[in-house]
Each structure stands twice: as structure tokens, then as C-alpha cells.
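Data first, discussion second: the structure below is written as C-alpha cells.
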Amino acid sequence: PAPVKPPDGGWGWIVLFGCFVITGFSYAFPKAVSVYFKELMKDFHVGYSDTAWISSIMLAMLYGTGPVCSIMVNQFGCRPVMLIGGLLASSGMILASFTTNIIELYLTAGVLTGLGMALNFQPSLIMLGTYFDKRRPLANGLAAAGSPVFLSSLSPLGQVLLEKFGWRGGFLIMGGLLLNCCTCGAVMRPLDMGMKRKMEKAQDKYEAKEMLPIGGKSEEGISTTDGTKKAKKAKKQPKKGKKLLDFSIFSNRGFIIYTISKFILVLGLFVPPILLVNYAKDTGVPDTEAAFLLSIIGFIDIFARPACGMVAGLKWVRPHVAYLFSFAMLFNGLTDICSARASNYTGLVIFCVFFGISYGMVGALQFEVLMAIVGSQKFSSAIGLVLLIEAFAVLIGPPSAGRLVDALKNYEVIFYLAGSEVVLSALFLAMATYCCL
């Protein structure tokens, strides 16, 4: 059947709010968990790189299970998948509060919670793409703002819970918070269902008029009714050979360029925010002030994402949104490089301000660019495959950075390395888009 025209509003605003909450949990949670790392290192007698694997596994599950999510969404729809995901995410953190070693933490907080978030994150973006078209850049920007809003609140909340209840109590309460993902899943009403009801009402009125016995109209009415019943039956029959995962998108040159640049980007993008709190603590910044640095990034990010979404929606910018995305990545990479020598709290605050702006721009544009390249029909398969490829970069990035920190005892090199990777991805996207598309 032909795709239903996106309403660009109405119930779409409720879907947008649900997507806002899901995006917030999916991206902010792996970073907010880093507040507990010092206590975990003491309890389990492990190094920083061992605890960094918790965030990495969580992010890797969010990215790596992309194709599985795509297949499940194409098979069962967005809403059931999201409800199961919410339950899995919550149970993962609740079970993590009872763990006795770091391996159990990897399996519960890492694998189970990460899988639950993945089953929520991807369907919510797909639903957003079906409900918005003209206002899609703005909708993507507003939904992406969930990440900084939740980061600015979850990080200090985690610090408070750690002080009041210890890391076990904190994990238990955060597991309860993740049950809100189920509520967000419940509001993701399939767009075609509402349209189908309207069509059926209109059809019933038409049938009633046609069946009125005026001359030969009654016979026509009966034949029309039979025809519509047959059409309904034909629609109810499932399509044969329905594609669960569409690999034809790999023939799209723009998709290949986007995927390569995103892989390079993700190698360095998440390293600074994950290392930041521990870096600040090691330079002598008090624990509460160190956790507040993530809140600064989050606060700036809140305004950067919707603003960037509005800019991307302008008539003269929207056709060239890939170049805006590459500029955002370049800005982010240069921020990392320029701030590598920040050694006091003031320098770290300045870094957080510029990082928040650039990080917000990247977050607001990444899925808008992908939607513009592949279209809403192939988006569910495209995002699954992109996230799978990015998962390898997520698994390599933060743990290798943590390993380097343990070996060199120097954060400066890490910031240079992460910034260089992000700059490289920006240059590749801009040049390949200009030369090949």
C-alpha cells in the first residue's frame, strides 16, 4: 500500500515527546553511569579501562543490535518492540544492583540494559520519520535535545544517589526510572491505523448512499460493497516475500559515504565526555564539581540541538544539509584538539561550552542527513545497518582511550587523538559529497 502522508503535527507531537525521552535515556545513560566508576573500581579492584567497558558495551548494544531491531520492527511494528525494550532496560539495571563482580556488571548493565535501549531508540526514530516530513529537521532537533536534557539531570542525580544509597541503590533506582520507556512505547500509535479508521468511516457512508433503493442504484451499491469487501480481504492478506532487511541501500553512493564518515566520527566522538569526569577528578577538582561539567555540556546542548534543527530546516540550507553536518563535525574535532591542554577548572568549563555547542549540532543532524539520503521508506533498514557498523567503532574508541590513559597517565594525547578522528570524518564527508554526489 502507498505510504500514508505524514501529518506534521497532531498526535505527532506526542510521538515527538516519546522520542525525546527515549533519546535522552539512550544517549545520556551510558555517560551518566560514569559517575559510579570510582566506587566500582574500589569495590571490584579493577582499573579505569575495565569500568569503561560498561559504557562501551551499553553503547555497542545500542548500535550493534541495529539490524535485529530493524527486523523486529518490520515484523512486529514499533510499539510491541519498544514495550519489550523498556522492560529489558529496566531489568538490566535492577539485576546490576545485585552483582558481585565486573563480568556480571557487563552482562546486566551492559548487555541487557543496552539491548533494551536499542529496542526503544531505533523504533522511536522510525516513528518520528513517519509522522513528520516538512517539519522533520525541527522534529529531529527537538527529539535529539532529549540527550542533553537527560545528561544534565541524570549526572547530578547519579552523584546524589551514590552519596545517599551507594552505587547499588543508585542502580536500583535508575532501573525504576527506565520503566518510563514502556510508557513512551505505548504512545507510538502506528500512523496508518488512524488513517485506516477515517477511510473505513468514509467507505461506510459511501456504501450507505449507494445501497439506497433509488432506481437501479441498489444493484450498483451491492456490487460496490462486494468489491470493497474483496479489496479489504486482499489488503488483509500478508505480502509474500516481504523484506525484513533491505540491503539494496548499499547501492546508494550517498549511504556508503555517510556510513564511512560516521564510523570514523564515532571512534573519537564519545571519548571526551566519557573521560571528562575522571580527568577532572584526577586534576584535583572536587567530585560534585567534576560531575557538574557534564551538566554544562548538557545545558548548552539543550539549546544547540533545536536551534541547529531550525537552521537545517531553512529552504536554502536543507538541500545542502550534508555540508552543515560536516561543519558540525569539524567544529567538534577542533574543540577537542584546542582544549587538550586545559589543566584547570576554568579551562575545562570553556571546553564544555564549545563542546556542548558542536556536540549538539552533530546530534541534531546525524539522523536528519540519513533520512534525507535514503528516504523514510528505507530508513528502518538503513539505520539498523549504520548502527551495526558504528558499533565496532564504539567498542574500539572509549576502551582503547582508557587503556592509553592507564598506560601513559596523560589525558592530553587522548584529546588530540579523538579530535583528529572527528576532523578526519568531517573532511571525508565534505570532500566525498562534493566529488562523488
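The values are calculated or read from the model by the stated rules, or taken from the named source; none is laboratory data. Because the structure is predicted, anything quoted here is derived from the model rather than measured. Glycine also receives a Cβ, built like all others from the backbone with ideal geometry; neighbour counts cover every protein chain displayed. These accessible areas exclude ligands, DNA and RNA; they are computed on the full protein's heavy atoms, side chains included. Shrake-Rupley method; radii C 1.70, N 1.55, O 1.52, S 1.80 Å.
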> Is there a residue in the range 104-112 that is open to solvent by 30 Å² or more (accessible area, probe 1.4 Å) and within 27 Å of CYS308 (Cβ to Cβ)?
Replying inline: no
> Which of the residues spanning the range 263-314 are among the polar types (S, T, N, Q) and farther than 24 Å from LEU59 by Cα?
Replying inline: THR283, THR288
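Across the range 329-348, what is the number of residues that are surrounded by fewer than 23 Cβ atoms within 10 Å (Cβ to Cβ) and out of contact with any Asp or Glu (no Cβ under 8 Å at 6 or more places or on another chain)? Before the answer, list the steps.
Step one: filter the range 329-348 for residues surrounded by fewer than 23 Cβ atoms within 10 Å (Cβ to Cβ), giving 330-331, 334, 337-348.
With the extra rule that they be out of contact with any Asp or Glu (no Cβ under 8 Å at 6 or more places or on another chain), the set shrinks to 330-331, 334, 337-339, 342-344, 346-348.
Of the residues in the range 329-348, 12 are surrounded by fewer than 23 Cβ atoms within 10 Å (Cβ to Cβ) and out of contact with any Asp or Glu (no Cβ under 8 Å at 6 or more places or on another chain).
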> Looking at GLY146, is it under 18 Å from the mean Cα position of the chain (by Cα) and either within 19 Å of SER55 (Cα to Cα) or at pLDDT 90 or above (or both)?
Replying inline: yes
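Within the range 131-145, how many residues are surrounded by 24 or more Cβ atoms within 10 Å (Cβ to Cβ) and touching a Pro at 6+ places or on another chain (Cβ under 7 Å)?
4
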>> Looking at the range 25-56 only, could you name the residues that are open to solvent by 10 Å² or more (accessible area, probe 1.4 Å), over 15 Å from the mean Cα position of the chain (by Cα) and touching a residue at least 12 places away in the same chain (Cβ under 8 Å)?
In response: LYS38, GLU39, ASP43, PHE44, VAL46, GLY47, TYR48, ASP50, TRP53
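Here are some residues: PRO123, PRO148, PRO156. Which one is surrounded by 20 or more Cβ atoms within 10 Å (Cβ to Cβ) and closer than 24 Å to PHE303 by Cβ? So that I can check it myself, show each step before the final result.
Values: PRO123 fails: closer than 24 Å to PHE303 by Cβ; PRO156 fails: surrounded by 20 or more Cβ atoms within 10 Å (Cβ to Cβ).
Checking each option against the conditions leaves just PRO148.
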> Are there any pairs with C-beta distances below 6 angstrom linking a residue in the range 91-102 that is more than 17 Å from GLY116 (Cβ to Cβ) and open to solvent by 10 Å² or more (accessible area, probe 1.4 Å) to a residue that is of a type outside the set (Ser, Thr, Tyr) and part of a helix (DSSP H, G or I), with the two at least 6 apart or on different chains, and if so which?
Replying inline: ILE102/PHE44; ILE102/ASP50
> Which ones in the range 259-279 are modelled with pLDDT under 80 and open to solvent by 10 Å² or more (accessible area, probe 1.4 Å)?
Replying inline: TYR279
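Hey, can you tell me all the residues within the range 342-360 that are farther than 17 Å from SER152 by Cα and touching a residue at least 24 places away in the same chain (Cβ under 8 Å)? Step through it out loud before you land on a result.
To start, the set of residues in the range 342-360 that are farther than 17 Å from SER152 by Cα comprises 342-347.
Passing the criteria: SER343, ASN344, TYR345.
Would you tally the residues in the range 414-437 being farther than 20 Å from GLY363 by Cα, open to solvent by less than 30 Å² (accessible area, probe 1.4 Å) and at pLDDT 90 or above?
The initial filter retains those residues of the range 414-437 that are farther than 20 Å from GLY363 by Cα, namely 414, 416-417, 431-432, 434-437.
If we keep only those that are open to solvent by less than 30 Å² (accessible area, probe 1.4 Å) too, we end up with 414, 432.
Checking the rest, the ones that are also at pLDDT 90 or above come to 432.
Count: 1.
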> Do you know which residues across the range 159-186 are closer than 18 Å to TYR27 by Cβ and open to solvent by 40 Å² or more (accessible area, probe 1.4 Å)?
Replying inline: LEU177, ASN180
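Of these, GLU421, GLU412, which one is acidic (Asp, Glu) and touching a helix residue (DSSP H, G or I) at 6+ places or on another chain (Cβ under 8 Å)? Break it down stepwise before answering.
On the way: GLU412 fails: touching a helix residue (DSSP H, G or I) at 6+ places or on another chain (Cβ under 8 Å).
Of the residues listed, the single one that is acidic (Asp, Glu) and touching a helix residue (DSSP H, G or I) at 6+ places or on another chain (Cβ under 8 Å) is GLU421.
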>> Quick check on my filter: what residues within the range 312-327 are assigned to a helix (DSSP H, G or I) and crowded, with 18+ Cβ neighbours inside 10 Å?
In response: ALA312, VAL321, ALA322, LEU324, PHE325, SER326
> Among the numbered criteria (1) part of a helix (DSSP H, G or I); (2) modelled with pLDDT of 90 or more, which single criterion is violated by PHE98?
Replying inline: (1)
>> Of everything in the range 361-413, what is open to solvent by 10 Å² or more (accessible area, probe 1.4 Å), among the hydroxyl-bearing types (Ser, Thr, Tyr) and in contact (Cβ under 8 Å) with a residue 12 or more places away in the chain? Give them in sequence order.
In response: SER376, SER380, TYR411
> With respect to GLY298, is the statement that it is open to solvent by less than 10 Å² (accessible area, probe 1.4 Å), within 23 Å of the chain's Cα centre (by Cα) and either modelled with pLDDT under 80 or not aromatic (Phe, Trp, Tyr) (or both) true?
Replying inline: yes
